[in-house]
Amino acid sequence: MRTEIAPLLIITKLEQYDYTGATAIALVMLVASFLLLLGINLIQWRSRRFAEAA
Amino acid sequence: MSPGRRSPGNDPAPVRWGLTLTALSFLALFVALPLITVFVQALAKGWSTYWTAIREPDALAAIRLTLLATGIAVLLNSLFGLAAAWAVTKFQFPGKNVLITLIDLPFAVSPVIAGLIYVLVFGTQGWFGPWLGQHNVRIIFAVPGIVLATVFVTFPFVARELIPHMQARGTDEEEAALVLGAGGWHIFFRITLPNIKWSLLYGVILCTARAMGEFGAVSVVSGHIRGETNTVPLHVEILYNEYNFAAAFAVASLLAVLALVTLAAKRLLEGKVRQDAVEVPEA
């Protein structure tokens with residue numbers, strides 16, 4: 001529990017054939033990184049538009 | 001110069017030396033030392049042990065598989081990356097931000113998840129699992145799965161490298177060519193491609209390095225069958241878990257050499273890549 005990071009937890013669950021559990025963690029991480037990236041891209045896009053307008 | 005105002009060059013000597021020393025010792029401790037350790041450990045039991053470890057059939061099979069997966073992944077991702085960068089930078093369409101985000105996703109998400117995705121799609125309990133089983137096609141725990149995982153993980157490298165350069169160049173030259181009557185392919189091969197050739201090569205190098213070193217994604221889909229679905233990084237892990245340290249470090253040193261070659265190539269190309277961006281003709 002102390003040195004376990006999320007990807008390792010997925011591996012552990014996969015080795016126990018707990019596909020549902022592994023998928024649940026994976027889904028949370030996927031959605032989180034997608035939203036984070038989308039946010040960054042939108043900020044970048046807006047700042048570029050701002051720079052072009054100025 | 002007014003008192004109290006400092007320029008980067010004239011900080012007090014202790015500050016300059018202190019910062020330099022801190023940075024250098026950090027690099028030595030966390031980068032140089034482990035790198036040297038790999039080679040020292042690999043050769044600890046002499047050259048003959050080193051050669052035996054590398055020329056062992058399982059190791060050779062792992063090297064072959066890594067080269068195969070890397071070759072396919074780099075080829076596909078050069079084409080896809082080029083197409084994606086072209087679409088994103090030369091055309092306007094709705095949902096572009098979502099597309100760019102999707103291109104970046106393999107960077108941000110853990111490679112283990114990339115492997116899991118393919119297990120869920122192509123595995124025995126996955127979407128296409130039953131169909132693939134009936135037709136006797138093996139993707140997961142076989143070579144195709146390893147190639148797929150490698151392709152996924154290395155997808156952003158070429159596209160990400162090209163997009164800023166193509167964005168900086170804009171579409172003026174292509175438009176000029178179009179006005180002068182050039183066709184689509186003609187424009188691509190005579191204008192677009194020559195403009196980005198160094199960036200493309202740079203992206204290919206980064207893609208190659210990552211493809212050869214990929215562990216997490218490949219580990220999930222490979223099934224660790226020695227001599228069949230074992231790539232070089234997985235082989236290192238197996239040897240290490242068997243307490244066969246000299247062999248593990250010997251095989252790892254191959255990857256370390258690859259990293260050094262990549263760095264050298266990157267260094268050589270960096271100047272050229274800057275040319276791609278700067279060499280914009282006068283408007």
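The values are calculated or read from the model by the stated rules, or taken from the named source; none is laboratory data. Remember, predicted model here, so these are calculated numbers, not experimental data. Every residue, glycine as well, gets a Cβ built from its backbone with ideal geometry; the counts of neighbours run over all protein chains shown. For the accessible areas, the whole protein counts, side chains as well, though only heavy atoms, and no ligand, DNA or RNA atoms are used. Shrake-Rupley method; radii C 1.70, N 1.55, O 1.52, S 1.80 Å.
Assorted remarks:
- Candidate set from the range A:18-35 (those that are of a type in the set (A, V, I, L, M, F, W, C) and more than 7 Å from every other protein chain (Cβ to nearest Cβ)); member that is least open to solvent (accessible area, probe 1.4 Å): A:Ile25
- Only one entry of A:Leu9, A:Leu38 meets the criterion of being on the phi < 0 side of the Ramachandran plot and more than 7 Å from chain B (Cβ to nearest Cβ), and that entry is A:Leu9.
- Scanning the range B:15-37 for residues that are open to solvent by 100 Å² or more (accessible area, probe 1.4 Å) and over 22 Å from B:Ala256 (Cβ atoms) gives B:Arg16, B:Trp17, B:Leu19, B:Leu21.
- Within the range B:210-227, the set of residues being surrounded by fewer than 21 Cβ atoms within 10 Å (Cβ to Cβ), of a type in the set (A, V, I, L, M, F, W, C) and modelled with pLDDT of 85 or more comprises just one member, B:Phe215.
- Which numbered condition A:Glu15 fails, given (1) open to solvent by less than 90 Å² (accessible area, probe 1.4 Å); (2) more than 7 Å from chain B (Cβ to nearest Cβ); (3) more than 23 Å from B:Lys96 (Cα to Cα); (4) not polar (S, T, N, Q): (1)
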